[in-house]
Structure formats: structure tokens, C-alpha cells
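Engineer: Take a look at this one; I'll ask things after.
The values are calculated or read from the model by the stated rules, or taken from the named source; none is laboratory data. None of these values were measured; they are calculated from a predicted model. Here the Cβ positions follow ideal geometry from the backbone for every residue, glycine too, while neighbour counts run over all protein chains shown. Remember, those area values only see protein heavy atoms, side chains included, never the ligands or the DNA or RNA. Shrake-Rupley method; radii C 1.70, N 1.55, O 1.52, S 1.80 Å.
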Amino acid sequence: MLSDVTPVATLPTADLAKARGFYEGTLGLMPQREGMGGVSYACGDGTVFVYESQYAGTNKATAVAFDTSVAAFDDEVRDLREKGVAFLTFDAEGLEWNDGVASMGEMKAVWFEDPDGNILNLTAGM
């Protein structure tokens, strides 16, 4: 059954070299393997696959969410800011915003874009 399989987040890019700079240099992901027009990165128990596509940047919704511990969240946010990542904000019922960080009870989250406009999310306390 599919419920027993670990999914692979799949993200399109128009420029694989530029995307690699972001995923490896900014996010600190390590390449797991290359092929099929892209590169795979191990992330926890899952995988992110970034591949070249003419449809890069056309999704306007969250494409990938990275879930971290509440204890690690602030450090992760600080590291992203130090690497020049800008956070997105938007109107959503129940969210309180403070300097680009959304919170709702114990949950905290930030959203940001990769070089192709794919929207990524870092969250804690879900």
C-alpha cells in the first residue's frame, strides 16, 4: 500500500546549477544521487528531487514542508536569514505574524521561495 511508502518531494527548476547552489549552499542539503535530469537529496526519512523542467515556478502553493523540532526552529530560522532567505507572509485565519514567522498556539512556521519560485515551508510544533 502507498501508506507504507516514503514519498519523494519533486521540485522543478529552470536552472539546475542555480537550484543546486540554493539547495546545497543555502539549505545545506547533501546530494544523494544524480540522474534523470536532476539531483536527489536525502532529508530525514524522505527525499527531495530537483529536476529541470519548463514548468518550473508555476506552482503558487506550498510545494515542500520541512518539519523540525520546536527546540531547533529558531536556530533554523536564524540560519536561513543569515543566508539571505526572505520569508513570505500572507493572510490566513488564526495565524499571528511576527517578523515573517507565523504562529498558532505551539505551532511556528515560515514560508520562503527557492530560485524558481517554488514555495518551501519550515514548521515546528505541528
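Engineer: How high is the relative contact order of segment 1-83, given as a whole-number percent (alpha carbon pairs under 8 Å, six or more residues apart)?
Structural biologist: 33
Engineer: Please sort by residue number the GluC sites (Glu not before Pro) in segment 35-124 whose DSSP state is loop and whose Cβ has at most 16 other Cβ atoms within 10 Å.
Structural biologist: GLU93, GLU106
Engineer: I'd like to check one number: the per residue accessible area of segment 1-105, probe 1.4 Å, reported in Å² as a whole number.
Structural biologist: 66
Engineer: Can you give the percent of C-alpha pairs in segment 21-72 whose distance is more than 16 Å?
Structural biologist: Cα-Cα pairs in segment 21-72 separated by more than 16 Å: 52 percent.
Engineer: Report the Rg/Rh value for segment 1-49, based on alpha-carbon coordinates and the Kirkwood definition of Rh.
Structural biologist: 1.00
Engineer: Mind checking segment 81-125 for chymotrypsin sites (Phe, Trp or Tyr not before Pro) that DSSP puts in a loop (not H, G, I, E or B) and that have at most 14 other Cβ atoms within 10 Å?
Structural biologist: Filter output for segment 81-125: PHE90.
Engineer: Please compute, for the alpha-carbon atoms of the chain, the extent along each of the three principal axes and give them in descending order in Å.
Structural biologist: Largest first, the chain extends 42, 36, 25 Å along its Cα principal axes.
Engineer: Of all the accessible heavy-atom surface of the chain, with the other protein chains kept in place and a 1.4 Å probe, what percent is carbon and sulfur?
Structural biologist: Answer for the chain: carbon and sulfur cover 51 percent of the accessible area.
Engineer: Moving to a separate point now. Can you give the angle from 0 to 90° between the axis of helix 70-82 and the longest principal axis of the chain, with both taken from C-alpha atoms, to the nearest 10?
Structural biologist: Helix 70-82 sits roughly 70 degrees off the main axis of the chain.
Engineer: Using a basic spin-label model with each label point 7 Å from the Cα along Cα→Cβ, how many nm lie between GLU96 and ASP74?
Structural biologist: 1.5
Engineer: Could you put LYS60, LYS108 in order of accessible surface area, largest first, with the 1.4 Å probe and the full protein assembly present?
Structural biologist: The residues order as LYS60, LYS108, largest area first.
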